[in-house]
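Here's the structure we're looking at; comments come further down.
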Amino acid sequence: MAETLRPNVAQFIKGPLQHFINGKWRPSKDGATDDVVDPSTGKSICKVAMGGSEEIEAAVSAAQAAFHGWATKTPNERSVMLHRLADTLEKHAADLAQLESLDVGKAIVNSEGFDIPFGVEGVRYFADLAVHAHYDIPLGIKNMEARVHRVPYGVCGFIFPWNFPYDLLIWGVMPALAAGNTVVVKPSEVTPLTTLYVCHLAAEIGFPAGVINAVVGTGQKAGSALTAHPQVKRMSFTGSPGVGRMVGEVCGKNLKPCKLELGGKGAAVIFDDVDINSTAEKLAAAITLNTGQVCCTATRWIIHEKIHDELVARTKEKLKAVRVGPALDRQTQMGPLVSRVQLERVTRYIENGTKEGATLLLEPQTLRVTGHEGGFYLTPSLLGGSSDNICCREEVFGPTAYVLKFKDEQAAVHEVNSLSYGLANSVWSSDLKRAHRVAEQMIAGNSWINAHNVFAYGLPYGGANLSGMGGGVNSPETFNDYLRGQTIARPL
Ligand code: NAD
């Protein structure tokens with residue numbers, strides 16, 4: 001049974017849901033709004049204001065005006081504010097989880113069990129880094145008194161995708177705030193709810209006006225205006241490589257530092273000495289997590305030929321048993337895809353893959369869920385065949401994987417590295433020497449051993465090649481990325 005809406009959630013989505021600028025809710029100047037759609041029903045949940053360059057202008061001006069006050073607080077004062085934010089996020093965790101599931105279609109057990117608490121932990125992590133960071137680093141240079149003085153940049157712009165709106169917001173924005181920058185956020189127009197709710201909670205605890213601003217809108221209108229704004233001193237974009245390249249080009253032209261966290265086509269190399277049952281369980285979990293809409297997940301399974309058939313058979317059993325259903329149903333293990341567009345994209349990829357000769361090892365089915373007939377449900381699938389297939393080469397972003405066989409270790413590594421993506425791969429073997437050897441050879445920001453989708457604060461996460469550049473997230477380096485070094489020197 002899908003649970004009813006919590007009172008705070010019901011109240012919040014009654015709206016009006018508007019932009020959060022200078023500590024206040026503002027409609028779009030031209031009155032534009034759009035529907036926020038519940039992927040579990042296909043119906044509108046509420047309307048949200050849709051902004052463009054005028055709202056971005058107002059938000060950047062507010063962030064600029066707030067910058068001096070925020071940057072000159074002591075790190076300890078900023079840390080206290082962020083800890084207060086973490087406490088209120090934790091207090092409202094159930095509301096946030098419901099909003100995230102309602103908006104993204106994410107199974108509520110996942111929003112509650114992972115997304116929301118992990119985000120709270122992230123706020124605390126960066127709040128603590130702010131206190132322990134070195135803002136003046138003395139330089140031991142002959143005949144000179146010299147130091148690097150580290151200061152925040154100013155207004156930082158953030159553009160996010162729809163798959164993990166809340167966690168990506170925290171991973172992106174908190175290091176910037178902790179370091180003393182002010183921020184303007186453009187969430188995905190598909191999933192704006194938790195971003196706006198975080199703004200609402202920040203306002204409630206007395207976050208200074210203008211330090212956090214959020215403008216909802218399309219990429220073409222709000223996203224491009226934010227990227228090109230001359231007062232934005234640093235940009236961060238998370239999303240597809242195609243749009244990332246456009247954002248990077250504009251930043252390059254304006255000589256603005258930019259972080260790009262982009263798509264992936266993660267591989268899992270599985271040797272013949274693994275425990276078949278537990279590996280099958282984990283691979284099935286990897287492609288059903290967030291309905292397969294995970295940039296780094298394992299979507300190419302490169303399996304040793306000796307265990308290929310058995311592992312595929314066991315994984316199929318696990319995938320068939322996954323309970324697909326409405327996001328707010330506590331029995332649901334995998335919710336719907338985020339939108340009709342995404343459902344069509346995934347089914348079209350699978351159709352094209354089979355037209356190109358892939359074998360459907362497990363066929364996907366669009367599901368009609370009683371009481372939720374308009375929802376975007378699709379069961380998990382597996383394809384196999386040659387590695388030049390479109391489903392093996394491109395990011396499908398749904399609950400599906402492409403299966404390949406290998407005999408020789410070097411051939412497997414070669415296969416992993418044959419694409420231009422480089423976000424995350426995994427190697428599975430009980431021979432840890434071999435696992436580390438392969439992990440080092442796979443070209444990506446992240447190589448995981450006997451697991452996939454491994455996240456922790458302090459463990460840097462970022463992409464190589466087509467999967468991103470400019471720093472990554474979740475580590476002390478991320479915090480340092482939001483401080484600009486300035487050398488101060490006096491010859492003696
Ligand atoms: P997308 O690139 O279509 O959109 C991302 C954001 O960019 C949205 O907010 C969108 O409105 C905005 N945008 C679109 N056009 C723009 C423009 N011209 N200028 C500025 N902004 C613009 O991606 P999506 O479909 O929302 O998300 C899925 C993609 O995100 C996948 O490729 C996935 O792998 C990637 N992703 C990467 C990471 C990571 O950490 N590497 C994390 C999550 C998602």
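The values are calculated or read from the model by the stated rules, or taken from the named source; none is laboratory data. Because the structure is a prediction, the values reported are computed rather than measured. Glycine gets a Cβ as well: all are built from the backbone with ideal geometry, and neighbour counts include every protein chain shown. The protein model used for the area step is the full one, side chains on, heavy atoms only, and it has no ligands, DNA or RNA in it. Shrake-Rupley method; radii C 1.70, N 1.55, O 1.52, S 1.80 Å.
A few comments on the model shown:
- The chain: C-alpha gyration tensor shape, a/c 1.5 cut-off, then a/b vs b/c: oblate
- Per residue, the accessible area of region 46-120 comes to 34 Å² when a 1.4 Å probe rolls over the protein heavy atoms.
- The mean of 1/r over all pairs of different alpha-carbon atoms in region 1-73, once inverted, gives a Kirkwood hydrodynamic radius of 14.4 Å.
- Contact order normalised by residue count of the chain, Cα under 8 Å, 6+ apart, percent: 19 percent
- Under 5 Å, built H, 5+ apart or other chain: amide partners of Lys259: Met235, Ser236, Phe237
- Three principal axis lengths of region 164-221 [C-alpha, angstrom, descending]: 29, 22, 21
- Per atom type, region 9-51 shows carbon and sulfur on 49% of its accessible surface, probed at 1.4 Å.
- The phi-based Karplus calculation (6.51 cos²θ - 1.76 cosθ + 1.60; θ = phi - 60°) puts the 3J(HN,Hα) values of region 155-162 at 7, 10, x, 9, 10, 10, x, 9 Hz, whole numbers, x for Gly and Pro.
- Stokes-Einstein D (µm²/s) once Rh is taken as the Kirkwood radius of region 394-460 over alpha-carbon pairs, at 4 °C in 1.567 mPa s: 99 µm²/s
- Ordered by solvent-accessible area of protein heavy atoms (1.4 Å probe), largest first, the residues His19, His68, His200, His452 come out as His68, His200, His452, His19.
- Evaluated at q = 0.21 Å⁻¹: base-10 log I(q)/I(0), Debye formula over Cα of region 316-393: -0.97
- Per residue, the average separation of C-alpha pairs within less than 8 Å and at least 6 apart gives region 343-395 a relative contact order of 40 percent.
- For Trp448, the amide hydrogen comes within under 5 Å of the amide hydrogens of Asn425, Ser426, Val427, counting only partners 5 or more places away or on other chains and with H modelled in the peptide plane.
- Acute angle (nearest 10 degrees) that the helix 93-104 long axis makes with the longest principal axis of the chain, alpha-carbon atoms: 60 degrees
- Simple rule: put +1 on each Lys or Arg Cβ and -1 on each Asp or Glu Cβ in the chain, find the dipole, and look at Ala176, Gly458, Ala62; the Cα lying farthest toward the positive end is Ala62.
- Rounded to the nearest Hz, the phi-derived 3J(HN,Hα) couplings of region 440-450 under the Karplus curve 6.51 cos²θ - 1.76 cosθ + 1.60 (θ = phi - 60°) are 5, 7, 7, 8, 5, x, 9, 10, 10, 10, 6, where x marks glycine and proline.
- Karplus 3J(HN,Hα) series, Hz, for region 412-418 with 6.51 cos²θ - 1.76 cosθ + 1.60 (x for Gly, Pro): 5, 4, 4, 4, 4, 8, 7
- Mean separation of Cα contacts under 8 Å, 6 or more apart, over the residue count of region 1-104: relative contact order %: 29 percent
- Degrees between helix 308-320 axis and first principal axis of the chain (Cα, 0 to 90, nearest 10): 70 degrees
- Region 93-143, accessible surface, carbon-and-sulfur percent (1.4 angstrom probe): 61 percent
- Using all pairs of distinct alpha-carbon atoms, the Kirkwood hydrodynamic radius of region 209-273 works out to 13.7 angstrom.
- In the frame of its principal axes, region 349-492 has Cα extents of 76, 47, 28 Å, reported largest first.
- Degrees separating the helix 75-91 axis from the principal Cα axis of the chain, which is the longest one: 40 degrees
- Accessible surface, 1.4 Å probe, highest first, among residues Lys253, Lys306: Lys253, Lys306
- Accessible surface, region 256-407, averaged per residue in Å² (probe 1.4 Å): 39 Å²
- Seen from a random direction on average, the alpha-carbon convex hull of region 52-171 projects onto 10.1 square nanometres.
- Leading residue at positive end of dipole, the chain (Cβ point charges), from Pro161, Gln410, Pro208: Pro208
- For region 12-62 and region 365-399, distance of Cα centres in Å: 31 Å
- According to the Kirkwood relation over distinct C-alpha pairs, the hydrodynamic radius of region 191-338 is 19.0 Å.
- Total charge dipole magnitude, region 126-235, about the Cα centre, Cβ charges on Lys, Arg, Asp, Glu only, Debye to nearest 20: 380 debye
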